[in-house]
Amino acid sequence: MTTQDHRYPLAPSWVSPVKLSPDGRLDVATPGELTHHTLLLEFDYEATHKRRQGCLRIDADGVGSEQYFEANQRGRRFLNLTGLGELDRVRLQAIDCRWQEQARLLAFANPALADGPVLILSPHPDDAELAAFGLYSDHAERSWIVTLSAGEKLGRLDRQYIPGLDADLPSASARKGVIRAWNSVTTPLLAGVSAARLYCLGYFNDSLARLVADPEARVAHGQLPALTPAPFRRWNPRPLPGDEQPGNQGALLLADLAALLTHIRPSTVLVTHPEVDPHGDHVATARALALAIRRSGQVPARVLLYANHLRRVHDFPYGPEHAGTTLPPWQQETSPLGPWRCYSHPLSLARQKEKVVAMETMHDLHAKDRLEKRFKRWWGRTVRRDGYHHYGLHSYFQTHIKAHEVFSWVAGEDFVRGVLQDAGTEQA
């Protein structure tokens, strides 16, 4: 049994002690309102099975939901109770786990997302859908989505989307970039986001960290030295600075982002969490945003942070499709970004199914149906009866079809200051 507490630099609007009775009742006196708040129950968790994830079933006035936690672990965890109404009517049931009696309820006032444009930065095609399809669907009339990379990287010729279409790896990689760029500017149409608010900048996959570290250097494509981002930008609704002298260069990327910030003037920006998400392109996307904000002077009221990759953690968010979820595992109580607030965006079952369709349109989420995967599906359905629907073969179809999309968020000024100080970056 591994002992590990989940810790975060959280700044709730209010906190209240809770007593969890053995029969799952919550004895809590709430000092503030529950509506328009994200509610997290901080409690001591202990798994009782080495292989099966612990599950807390939540019943609120006859409406049930589930949230899953790590197998074979114990420690501090956070249960998402957002949107359940009167907490004295909530009942919890532990399956393959147990809780301790003393807990705390943390309440976070929800951000005012309707106060202006919402800009979502996606390092690659599909990152915006994985993290925020529900959110941008519910704010489609004010959402803008900008994808930084074409995601054209292809390691092997036999992994091209249409077998045998291209006879060499460079040609197949270029075609992959065109297909994924097209995905990035068409999939959000399913949610009602206007094509006039969808951009793909087309910078090269796995090069964003180098572009941000040295904006004046041009980084050639590893397989196609003459390739530029131009083919991947052809559907953008308006010209950008990078169109004038196309090249894979950090200075052009920052100029594009600064121009978009000036044009959109977002009050909310969503971007990958530079501390929690370790992917090089994802960290670089956050740093590029901070630099572009400083260059443009357009500081958003708030920055919402998401993580599609985690360090040494697999299959998060845990549990089968349609379960609830919470903040990703983290073990630090301080952050260069300052205190974090939490926002849980709810997805109805209908919205979750729309998200399945949106993810299905993303070519890079089409995995091969190998014998090992068939056996695991059979074992889960017939032996373990784990409740998975297996809408798609890629693991994201299980992990990211959940009842909530959960973000940490900070003020725009704190984001810029923390990212640039932490990176030792002071470029104008």
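The values are calculated or read from the model by the stated rules, or taken from the named source; none is laboratory data. For clarity, every value in this text was computed on a predicted model and none was experimentally measured. Reconstructed Cβ throughout: ideal geometry from the backbone, glycine too, with neighbour counts over all protein chains shown. In case anyone asks, the SASA skips ligands and DNA or RNA and just uses the protein heavy atoms, side chains included. Shrake-Rupley method; radii C 1.70, N 1.55, O 1.52, S 1.80 Å.
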Among Ser16, Ser184, Ser408, whose mean-square fluctuation peaks in a Gaussian network model of the chain (Cα, cutoff 10 Å)?
Ser16
Unit charges at the beta carbon, dipole of the stretch 287-358: most positive-side option, Val303, Pro328, Ser344
Val303
For the stretch 74-152, what does the alpha-carbon gyration tensor say about shape, rounded, prolate or oblate, given a ≥ b ≥ c as the root eigenvalues, a/c under 1.5 as rounded, and a/b over b/c as prolate?
prolate
Checking Phe397, Phe415, Phe375 against a Gaussian network model of the chain (alpha-carbon springs below 10 Å), the top fluctuating residue turns out to be Phe375
Among Gly387, Asn110, Ala286, whose Cα sits farthest toward the positive end of the charge dipole of the chain (+1 at Cβ of Lys/Arg, -1 at Cβ of Asp/Glu, about the Cα centre)?
Gly387
What accessible surface, in Å², does a 1.4 Å probe find on Leu34, ignoring ligands, DNA and RNA and rounding to the nearest 10?
40
Assuming R0 = 35 Å, can you tell me the calculated FRET efficiency for the pair Arg312 and Arg156, based on Cβ-Cβ distance, to the nearest 0.05?
0.85
What number comes out for the charge environment of His345, summing +1 per Lys or Arg and -1 per Asp or Glu over other residues with Cβ under 15 Å away?
+2
Work out the charge dipole of the chain with +1 on the Cβ of Lys and Arg and -1 on the Cβ of Asp and Glu about the Cα centre, then indicate which of Leu148, Leu165, Ala181 is farthest towards its positive end.
Leu165
How big is the charge dipole of the stretch 107-228 about its Cα centre, in debye rounded to the nearest 20, if each Lys and Arg gets +1 on its Cβ and each Asp and Glu gets -1 on its Cβ?
220
With an 8 Å Cα cut-off and a minimum separation of 6 or more residues, compute the relative contact order for the stretch 1-105 in percent.
41
Of every hundred units of 1.4 Å-probe accessible area on the chain, the number belonging to carbon and sulfur atoms, as a percent, is 50
DSSP loop trypsin sites (Lys or Arg not before Pro) in the stretch 38-117 with at most 15 other Cβ atoms within 10 Å of their Cβ, which ones?
Lys50, Arg51
What percent of all Cα-Cα pairs in the chain falls in each 10 Å bin, counting up from 0?
4, 21, 31, 25, 14, 4, 0
Expected sort for 109-119, 220-230 on mean C-beta neighbours within 10 Å, highest first, is 109-119, 220-230
If the only charges are +1 at each Lys and Arg Cβ and -1 at each Asp and Glu Cβ, what is the size of the charge dipole of the stretch 42-190 around the Cα centre, to the nearest 20 debye?
560
The chain - charge dipole about Cα centre, Lys and Arg +1 at Cβ, Asp and Glu -1, debye rounded to 20
940
Per residue of the stretch 411-418, in order, report the coupling 6.51 cos²θ - 1.76 cosθ + 1.60 (Karplus, θ = phi - 60°) as ³J(HN,Hα) in whole Hz, putting x for Gly and Pro.
5, x, 4, 5, 4, 4, 4, x
Name the most mobile residue of Pro328, Pro125, Pro17, meaning the one with the largest mean-square fluctuation, in a Gaussian network model of the chain with Cα contacts below 10 Å.
Pro17
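What does the helix-only formula give at 222 nm for the chain: each DSSP H stretch with n ≥ 4 adding -39500 (n - 2.57), the total divided by the residues, and the result rounded to the nearest 500 deg cm²/dmol?
Details: 9 runs with 104 residues, N = 428.
Taken over the chain, the calculation gives -7500 deg cm²/dmol.
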Taking a probe of 1.4 Å and leaving out DNA, RNA and ligands, the chain shows per residue an accessible area in Å² of 43
